[in-house]
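Asker: Let me give you the structure first, and then I'll get to my questions.
The values are calculated or read from the model by the stated rules, or taken from the named source; none is laboratory data. None of the values given here were measured: they were computed from a predicted structure. Glycine gets a Cβ as well: all are built from the backbone with ideal geometry, and neighbour counts include every protein chain shown.
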Amino acid sequence: MRLTDEEKRMLNGQEGEAKKLAMEILTQVGDSMDADSFVEIASVQAMAHFGSLHIAGRDWLEKLACLGGKCCVPTTQDPASIPFSHWKEMGYDEEYAKNQYRLAEAIMKLGEMPKWSCTPYYQGSVPRLGQNIAWAESSAVSFANSVLGARTNRTPAGIAICAALTGRMPRYGLYLTENRRAQIKITVEAGELTPLDYNTIGIITGKLAGAKIPAIYGLPQSATNDDLKYLGASAASSGSVALYHADGITPEAILTDVFAGKAPEEEMVITRKDIDDAAEKMTSTGAGEPKLAVVGCPHYSSEEVIRLARMIEGKKVADGKAFWVFTTAETESLMERMGLKAVLEEAGVRIMAQTCLVISPLVGGYENLITDSGKFASYLPSEHSIRIRYASAEECVKAVTR
Ligand code: F3S
């Protein structure tokens, strides 16, 4: 790889041991990916949750912190593996929580911003069209690439921190314009779409596309950022879609010919029937009456939590049942200022800020859950050996309240 003088200084150890180690790893990644040089990156979405990093990941971050590593670009991270404010009361294992706290301490030493969310784009980390970034977490990667038009690969957790310490990533994959071209064409012909439909379209798209880049036609201009968030998260969970283009909606589809003058490799149509059939299949076989509703995967936006509060006001979560909403600390604080946190709590809804059920233990012995998220529905049954009912947010409220 061609290195600039600054990159050579980092690699030679002139800028400290942590940068040296990070640069050694990044050059090896670059060599293995046939990268000719590095790109400068504007931000990093890292990972520091014990549920995926385990002891080895914890030790890695602690080592870099001990070596004096400091992030040189704004760095956020995925949700934590415990709800910091009430893990004890909810019965999380103490040893497990201690490990999560050690990771929290390490990222503070490294200079990360403790946002603990998979929606950094709702928390002020908003890369521009064409800007290079190094984000981990498949749904955030999809949103950044597709909706914002920024450029990132699905950065592995151990590499993301190296990018944060050096401000560099090897130039390969989706950093290159020629690799962002759409390969398959998917047309949605399904009439009006609900938020659940966007999740389901994502699930179908992921299965059709695998790791290819789809261009999706037929989505309405009224698609919200939350709708596109769900589409991308679901497509990244049923396939490994890191970038999709949506005709007339996403920036690269507006500004360029996403097929770059070539014909699509394949063309498919998603009909209303396809969506309804796929949605039905998302519910686990033998799913019983749900005792727990879980929403907020990816993290619920402020608008979604406000909508939930209005939906649930005056109702009460039934005895023996629970409702958890996963969201950011910023949204929780906004809800408090709007007087809506009290509405949610009065109804019996638990705000699970800065955490996520896929990457943390499921406490409470629940066996049947209901969710409005395609990604939760894809992962939770195997992560926690439970059965899922897949339905709208309104159905989630109905299922566990009286
Ligand atoms: Fe976020 Fe966890 Fe879902 S990280 S996208 S809430 S699986």
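Asker: Restricting the search to the range 226-249, which residues are of a type outside the set (A, V, I, L, M, F, W, C), more than 16 Å from the ligand (Cβ to nearest atom) and either assigned to a helix (DSSP H, G or I) or surrounded by fewer than 24 Cβ atoms within 10 Å (Cβ to Cβ) (or both)?
Answerer: Answer for the range 226-249, where residues must be of a type outside the set (A, V, I, L, M, F, W, C), more than 16 Å from the ligand (Cβ to nearest atom) and either assigned to a helix (DSSP H, G or I) or surrounded by fewer than 24 Cβ atoms within 10 Å (Cβ to Cβ) (or both): D247, G248.
Listed here are the residues, each with its yes/no results for (1) assigned to a helix (DSSP H, G or I); (2) surrounded by fewer than 20 Cβ atoms within 10 Å (Cβ to Cβ).
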site	(1), (2)
H299	no, no
E303	yes, yes
L308	yes, no
A399	yes, no
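Asker: Output the residues belonging to the range 140-159 that are crowded, with 24+ Cβ neighbours inside 10 Å and either of a type in the set (D, E) or part of a helix (DSSP H, G or I) (or both).
Answerer: A140, V141, S142, F143, A144, N145, S146
Asker: Continuing with this model, one more query. Listed residues V73, V39; which is farther than 16 Å from S138 by Cα, assigned to a loop (DSSP other than H, G, I, E, B) and either among the hydroxyl-bearing types (S, T, Y) or away from the ligand (no atom under 16 Å from the Cβ) (or both)?
Answerer: V73
Asker: Restricting to the range 127-158, name every residue that is over 14 Å from H245 (Cβ atoms), of a type in the set (V, I, T), within 15 Å of the ligand (Cβ to nearest atom) and touching a Leu at 6+ places or on another chain (Cβ under 9 Å).
Answerer: Selection gives V141 alone.
Residue by residue, here is whether (1) out of contact with any Gly (no Cβ under 9 Å at 6 or more places or on another chain); (2) among the aromatic types (F, W, Y); (3) part of a loop (DSSP other than H, G, I, E, B) holds:
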{"residue": "R9", "(1), (2), (3)": "yes, no, no"}
{"residue": "E15", "(1), (2), (3)": "yes, no, yes"}
{"residue": "A22", "(1), (2), (3)": "no, no, no"}
{"residue": "I25", "(1), (2), (3)": "no, no, no"}
{"residue": "V29", "(1), (2), (3)": "yes, no, no"}
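This table checks each residue for (1) within 16 Å of the ligand (Cβ to nearest atom); (2) among the charged types (D, E, K, R).
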position	(1), (2)
D274	no, yes
A279	no, no
H299	yes, no
R307	no, yes
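Asker: Among the numbered criteria (1) within 16 Å of the ligand (Cβ to nearest atom); (2) within 16 Å of Y300 (Cα to Cα); (3) of a type outside the set (S, T, N, Q), which single criterion is violated by E394?
Answerer: Checking E394 against (1) within 16 Å of the ligand (Cβ to nearest atom); (2) within 16 Å of Y300 (Cα to Cα); (3) of a type outside the set (S, T, N, Q), the one that fails is (1).
Asker: Still on this structure, please answer the following. Which one of these is more than 23 Å from T224 (Cα to Cα), within 14 Å of the ligand (Cβ to nearest atom) and surrounded by 19 or more Cβ atoms within 10 Å (Cβ to Cβ): V317, V294, V358?
Answerer: The conditions single out V358.
Asker: Sticking with this one: For the range 92-104, indicate whether the set of residues that are outside any helix (DSSP H, G or I) and modelled with pLDDT of 95 or more is non-empty.
Answerer: yes
Asker: Select from the range 281-291 the residues that are within 15 Å of A391 (Cβ to Cβ), small (G, A, S) and either exposed (fewer than 13 other Cβ atoms within 10 Å of the Cβ) or within 16 Å of the ligand (Cβ to nearest atom) (or both) and list them in ascending order.
Answerer: Selection gives G288 alone.
Asker: Quick check on the range 76-91: of everything there that is away from the ligand (no atom under 16 Å from the Cβ) and part of a loop (DSSP other than H, G, I, E, B), which residue is farthest from A42 (Cα to Cα)?
Answerer: Top of the filtered list is G91.
Asker: Residues of the range 171-217 being surrounded by fewer than 20 Cβ atoms within 10 Å (Cβ to Cβ), more than 19 Å from the chain's Cα centre (by Cα) and free of Cβ contacts under 8 Å to residues at least 40 places away in the same chain, which ones?
Answerer: Once the filter is applied, which keeps residues that are surrounded by fewer than 20 Cβ atoms within 10 Å (Cβ to Cβ), more than 19 Å from the chain's Cα centre (by Cα) and free of Cβ contacts under 8 Å to residues at least 40 places away in the same chain, the range 171-217 yields L176, T177, N179, E192, Y217.
Asker: Consider M268 carefully, then state whether it is at pLDDT 95 or above, outside any strand (DSSP E or B) and of a type outside the set (K, R).
Answerer: no
Asker: Go through the range 93-126 and count every residue that is away from the ligand (no atom under 16 Å from the Cβ) and touching a His at 6+ places or on another chain (Cβ under 9 Å).
Answerer: Within the range 93-126, residues that are away from the ligand (no atom under 16 Å from the Cβ) and touching a His at 6+ places or on another chain (Cβ under 9 Å) number 1.
Asker: I would also like to ask the following. With part of a loop (DSSP other than H, G, I, E, B) and touching a residue at least 40 places away in the same chain (Cβ under 8 Å) as the only criterion, which of S222, S284 stands out?
Answerer: Within the list S222, S284, the selection yields S284.
Asker: Could you tell me whether the range 335-343 includes any residue that is surrounded by fewer than 24 Cβ atoms within 10 Å (Cβ to Cβ) and touching a residue at least 60 places away in the same chain (Cβ under 8 Å)?
Answerer: no
Asker: Output yes when any residue across the range 383-394 is of a type in the set (K, R) and closer than 18 Å to E304 by Cα, and no when none is.
Answerer: Scanning the range 383-394 turns up no residue that is of a type in the set (K, R) and closer than 18 Å to E304 by Cα.
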